[in-house]
Amino acid sequence: MKKSPMTITGAQKLRDELHQLKTVARPKVIEAISEARELGDLKENAEYHAAREQQSFIEGRIAEIEGKLSNAEIIDISKIKVEDKVVFGATVELINIDTDKEVKYQIVGDDEADIKANMISISSPIARALIGKFVDDVAVVQAPSGKTEYEIIAVNYK
């Protein structure tokens with residue numbers, strides 16, 4: 001099976017969520033199921049059905065996270081020694097050539113991407129256009145809305 005790249009931070013967030021699900025959410029829903037069973041007839045017991053549905057969601061999420069972590073290739077970006085080259089995990093500062101608007105993105109794994117936090121997936125059009133480029137290079141991003149050119153002004157590895 002193909003390994004998915006993931007930053008150390010992304011892997012830790014998944015481990016934290018997994019720990020919370022296993023130690024807090026799972027016991028809580030088991031208790032709710034137990035209490036609902038004590039109320040009697042399970043066929044028409046809304047609390048029981050809601051708790052079972054929640055349990056199903058939690059167990060599914062636990063399995064999903066465990067699968068993601070087992071297929072992750074965790075990359076420590078602080079140990080990357082490339083000068084001014086855009087690689088996985090790098091934080092890239094760009095200027096849109098058409099609008100002169102500055103943006104900053106970190107290139108992360110698919111499961112870590114969060115555009116609101118300026119974290120873009122390695123498989124996104126922007127990241128694919130940036131990978132392998134250097135400071136002062138121009139990257140042409142082919143997006144559904146058309147081509148956009150960005151000049152790379154800085155590359156950082158945190």
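With only Lys, Arg, Asp and Glu charged, each at its Cβ (+1 for the first two, -1 for the last two), find how big the charge dipole of the range 1-79 is about the Cα centre; round to the nearest 20 debye. Write out the running numbers ahead of the final one.
Working: 13 positive and 14 negative charges, 107 e Å.
Result for the range 1-79 is approximately 520 debye, rounded to the nearest 20.
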On a 0 to 90 degree scale, rounded to 10, what angle separates helix 46-70 from the longest Cα axis of the chain?
-> 40
In degrees from 0 to 90, rounded to the nearest 10, what is the angle of the helix 8-20 Cα long axis to the longest principal axis of the chain?
-> 10
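Sum -39500 (n - 2.57) across every DSSP H segment of at least 4 residues in the chain, then divide by the residue count to get the 222 nm mean residue ellipticity, nearest 500.
On the way: 4 runs with 57 residues, N = 158.
About -11500 deg cm²/dmol.
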Let me have the relative contact order for the range 4-75, percent, based on Cα pairs under 8 Å that are six or more residues apart.
-> 55
Starting from the amide H of Ala90, placed 1.01 Å from N in the peptide plane, find each other amide H under 5 Å away whose residue is 5 or more places distant or on another chain.
-> Ile107
Along the charge dipole of the range 77-156, which of Ile95, Gln142, Ile153 sits closest to the positive end, that is, farthest toward it, with unit charges on the beta carbon of Lys, Arg, Asp and Glu (+1, +1, -1, -1)?
-> Gln142
Amide H contacts of Thr7 (H built 1.01 Å from N, under 5 Å, at least 5 apart or other chain) | Ile75, Gly109
Could you state the angle between the C-alpha long axis of helix 26-38 and the longest principal axis of the C-alpha atoms of the chain, as a value from 0 to 90 degrees rounded to the nearest 10?
-> 30
The range 1-42-the range 119-143 distance, computed between alpha-carbon centres (Å) = 35
List the residues whose amide H sits under 5 Å from the amide H of Ile97, counting only those 5 or more places along or on another chain, with H placed 1.01 Å from N in the peptide plane.
-> Glu149, Tyr150, Glu151
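I need the trypsin sites (Lys or Arg not before Pro) found in the range 1-89, filtered to DSSP loop residues with at most 11 other beta carbons within 10 Å of theirs. Intermediate results must be reported in sequence, preceding the final value.
Details: sites: Lys2, Lys3, Lys13, Arg15, Lys22, Lys28, Arg37, Lys43, Arg52, Arg61, Lys68, Lys79, Lys81, Lys85; in loops: Lys2, Lys3, Lys43, Lys81.
Sparse-neighbourhood loop trypsin sites (Lys or Arg not before Pro): Lys2, Lys3, Lys43, Lys81.
Laboratory data are not the source of any read-out in this text; all were calculated from the coordinates shown. Keep in mind the model is a prediction, meaning the values are calculated, not measured. Please note: Cβ atoms are built from the backbone with ideal geometry, for glycine as well, and neighbour counts cover all protein chains shown.
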